[in-house]
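As structure tokens, the structure follows; a few thoughts come after it.
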Amino acid sequence: MTTHRASNAANWLREKLAEQSDYEEITLGASSQIQLQYLKSVTNSNLVYQYVVVPSYEMDDVQAYEAYIATFPGTGKADDLQKLIEGILEGYTLVSIGPNSYLLNSVKVESGGVGEAINEAIVQGPREAFSESIETNLNLIRRRYQTSELKVETMTLGSLSRTAIAIVYDQKRVDSSVLQQVKDRLKKVKIDILQSAGELEKYISPHRFRIFPNMVVTERPDRVVLNLTEGKVAILMDTTGFAIIAPAVFTDFFSAMDDKIQIPLVSQFLKLIRYVGLFITLTLPGLYVTFASYNPEILKSQLVLLIAGSRAAVPYPSFMEVFFMLLMMEFLTEASLRLPKAIGPTATTVGGLILGQAATQAGLVSNIMIILVSAVAISNFVIPLSMMGYTIRVIKYIIILTAMLFGIVGIMISVVGIIMYLSDVRSFGKPYFRLTLWESKEKVGHQHGKS
């Protein structure tokens, strides 16, 4: 335990946090003997103003004011630099009075305005979601990532909206080339109105024509914190409850926050289920077209006869049947999203049941087709992030088209083509199929030691 004078502690803290955009330093009193230092995003500024700033002007005696601060509930002497930085990152305020310095408890805990995650719901773990206030969102991140290496840089975008943007990263772990690319792309954005994170993601993407998302848009603070530890960059935006994470790899879109909580074997099983669901939702409609019209010899005779008997009353080719039912499912999915929440689930459920039953009895679609469409829809919904879910919904129509033209060979060509395309995709210069973007300093140092 090393004791430092107030000036030394204040100067040391200034050097550590001077680059933080939410760092605040205030000098009080006519003699400038009182100095406040804190982080705005995690500090209750109302409490500081009411109980620290106002009394400094009401008390003429500095010694009386120091006695008042020293006896304030939750206040202790700032004698240890490690405890000092930990307290500031948690939300304490450093009050320097002459030769002495005190840590005053002014932690801001955001509760009002912080809702529950809806799009990325989990069974266990934190349920907090980002709000539409960038200050609140920074508070949610700093509460979970209390280190002075966490840097926040701010800027504004939109000539009319003047939307506040915060670039958040871990200074030690971040890839400098990725960080520079993020800053450069944000500076190039020229727009009048900016209102959503998805809109910003589109503007900073280098490719205007792309199929797969190369950045993650999330509403969960814990997902952002996890990705910050992997050396990624988070972009927060005012007026929206979502954050952008860059760069992204393919596996990011199939990872749920539950995976960090579950037993490792269970976690791996759940990830396997998601990839199996991806394969089913992509290939099952195309395989149905193939087996029903082009390559029935691949299946056993019993299955071939079952499919043929189910389609006996259907008056058009199998690919038209598949397109018709998948489009109906797309209509139901969109309706469930756009209708008012009070009637949306009921209307779409009843509509789906009536549509499926009536279409089967009328001979417009086969019974097997109803089962197939349901399996495809359910498989698509196991993908944790909706961005990838929307992409998969589009790609399956490409596979159906190739199956219609070339049968089983078309499906194989499509799958191989998708894998080749993904192997060539880069997200901020990083391979899309890479498992992780950051190696621990210990591991890197060990490798250098060997060399």
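The table that follows gives values for the structure above.
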| item | result |
| --- | --- |
| Over 26 Å (Cα to Cα) - which of 16/40; 83/183; 77/232 fall in this group | 83/183; 77/232 |
| The range 134-248, relative contact order in percent, only Cα pairs under 8 angstrom and at least six apart counted | 33 |
| Hz values of 3J(HN,Hα) by residue in the range 96-105 - Karplus curve (6.51, -1.76, 1.60), Gly and Pro given as x | 9, 10, x, x, 10, 9, 9, 9, 9, 6 |
| Cα-based helix-to-principal-axis angle, 301-310 vs the chain, degrees rounded to 10 | 90 |
| Highest to lowest packing among 103-109, 427-433, scored as the average C-beta count within 10 Å | 103-109, 427-433 |
| For the chain, the longest site-free run once GluC sites (Glu not before Pro) in DSSP loop states with at most 15 other Cβ atoms within 10 Å are removed | 150-438 |
| Rounded to the nearest 10 Å², the accessible area of residue 368 at probe 1.4 Å | 40 |
| Charge sum, other residues only, whose C-beta stays under 12 Å from residue 394's C-beta, Lys/Arg counted +1 and Asp/Glu -1 | +2 |
| Positive minus negative residues near residue 14 (Lys, Arg vs Asp, Glu; Cβ under 13 Å) | -3 |
| Amide hydrogen neighbours beyond the local backbone of residue 100, cut-off 5 Å, H modeled | 6 |
| Helix 176-188 vs. the chain, principal-axis angle (Cα, 0 to 90°, nearest 10) | 80 |
| DSSP-assigned coil residues among chymotrypsin sites (Phe, Trp or Tyr not before Pro) in the range 67-144, each with at most 15 further Cβ atoms within 10 Å | none |
| Proximal charge balance of residue 267 [Cβ under 13 Å; K/R count +1, D/E count -1] | +1 |
| Accessible area, probe 1.4 Å, largest first, for residues 338, 143, 311 | 338, 143, 311 |
| Net lengthening on full extension, residue 100/residue 327 (0.36 nm per residue, minus Cα-Cα) | 74.6 nm |
| Residue-averaged [θ]222 nm for the chain, counting only DSSP H segments that reach four residues, each worth -39500 (n - 2.57) | -15500 deg cm²/dmol |
| Calculated volume of the Cα convex hull per residue in Å³ (choose from (1) 136; (2) 576; (3) 203), label | (3) |
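The values are calculated or read from the model by the stated rules, or taken from the named source; none is laboratory data. Here the structure is a predicted model, which is why all the values come from computation and not from measurement. Note that we place each Cβ from the backbone using ideal geometry, even for glycine, and neighbour counts take in every protein chain shown. Only protein heavy atoms, including side chains, enter the accessible area calculation; ligands, DNA and RNA are left aside. Shrake-Rupley method; radii C 1.70, N 1.55, O 1.52, S 1.80 Å.
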